[in-house]
Amino acid sequence: MNKRFVETQSIGEIVAKFPGASNVFLKYNIDFCCGGNRPLIQAIEEQKLDKVEVLEVLNNKYEEILSNSIEQKEWTKESWSGLIDYIVNTHHLYLREELPKINDLLLKVLRAHGENHGKLLSEVHKLFSSLKTELEQHLIKEETIIFPIIKEYEKSKDEVLREKALRVIEELEGEHEGAGDILKTLRRITEDYKLPEDGCRTFALTYQKLDELERDLFQHIHLENNILFKL
């Protein structure tokens with residue numbers, strides 16, 4: 001089998017070409033959104049992973065997708081306006097619907113299990129509350145400032161608009177990194193969302209929702225950092 005992907009490629013470049021790679025990187029806890037500019041080998045070495053294994057899994061998964069003729073949306077070939085509409089209608093909508101639900105679930109779990117797991121759950125709630133506030137403000141900034149600028153630049157190719165966009169993008173990417181750091185901390189302190197022995201179904205659902213939030217947000221940030229913001 002010819003190698004489709006190699007260790008010297010950037011993580012973001014790989015996911016941009018093959019969206020299914022994100023599931024492989026999630027499996028190995030490789031950051032493909034905020035850390036997407038790094039070459040894959042850097043993440044492999046930092047986490048002491050088996051380079052041959054990671055590349056084999058990645059390339060086999062890609063060959064499997066091709067052989068099954070399953071079409072994967074390659075967003076690098078989409079217009080910026082099309083990608084923006086997808087982000088708003090998919091990822092922004094998801095956050096607006098799920099963030100309040102997760103907050104309510106966390107409060108219920110904190111009340112029910114605070115006696116035995118108060119320290120952990122208080123920290124989880126504190127981190128999530130910070131993340132929720134930051135994301136809600138972030139969505140507004142994207143929809144009212146950067147997305148309209150990019151759509152206008154796509155039409156006019158006005159260099160002044162591009163420079164304005166790049167200044168805003170630098171700030172947004174910093175916010176992405178902050179959100180990613182919170183998600184990584186949540187995963188670390190919960191030991192990969194390991195349910196305690198006395199955890200109820202609501203506790204399990206809460207951890208499941210947090211895990212889903214991380215996966216969706218990583219995809220969201222990847223589309224922006226590694227594709228949309230490459231003006």
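The values are calculated or read from the model by the stated rules, or taken from the named source; none is laboratory data. Treat the numbers as computed from the prediction; the structure is a model and nothing was measured. Cβ atoms come from the backbone with ideal geometry, glycine included; neighbour counts cover every protein chain shown. To get the accessible areas, we keep the full protein, side chains included, count just its heavy atoms, and leave off ligands, DNA and RNA. Shrake-Rupley method; radii C 1.70, N 1.55, O 1.52, S 1.80 Å.
Exactly one residue among Leu131, Leu166, Leu107 is out of contact with any Asp or Glu (no Cβ under 9 Å at 6 or more places or on another chain), within 20 Å of Ala16 (Cβ to Cβ) and either part of a helix (DSSP H, G or I) or touching a residue at least 60 places away in the same chain (Cβ under 8 Å) (or both), and that residue is Leu166. Of the residues in segment 35-45, at least one is of a type in the set (S, T, N, Q), in contact with a helix residue (DSSP H, G or I) (Cβ under 9 Å, 6 or more places away or on another chain) and closer than 19 Å to His222 by Cβ. The test for being part of a loop (DSSP other than H, G, I, E, B) and either in contact with a Leu (Cβ under 6 Å, 6 or more places away or on another chain) or open to solvent by 30 Å² or more (accessible area, probe 1.4 Å) (or both) does not hold for Glu13. Number of residues in segment 171-230 that are in a helix (DSSP H, G or I) and under 15 Å from Ile102 (Cβ atoms) equals 21.
Restricting Val160, Val109, Val52, Val57 to residues that are surrounded by fewer than 18 Cβ atoms within 10 Å (Cβ to Cβ), in contact with a helix residue (DSSP H, G or I) (Cβ under 6 Å, 6 or more places away or on another chain) and of a type outside the set (Ser, Thr, Tyr) narrows the list to Val57.
Quick one: would you say Lys209 is under 29 Å from Lys27 (Cβ atoms) and open to solvent by less than 50 Å² (accessible area, probe 1.4 Å)? Yes. Looking only at residues in segment 16-28 that are in contact (Cβ under 8 Å) with a residue 40 or more places away in the chain and not aliphatic (A, V, I, L, M), the one that is surrounded by the fewest Cβ atoms within 10 Å (Cβ to Cβ) is Gly20. Just one residue in the set His138, His117, His125, His113 is within 15 Å of Glu224 (Cα to Cα) and assigned to a helix (DSSP H, G or I); that residue is His138.
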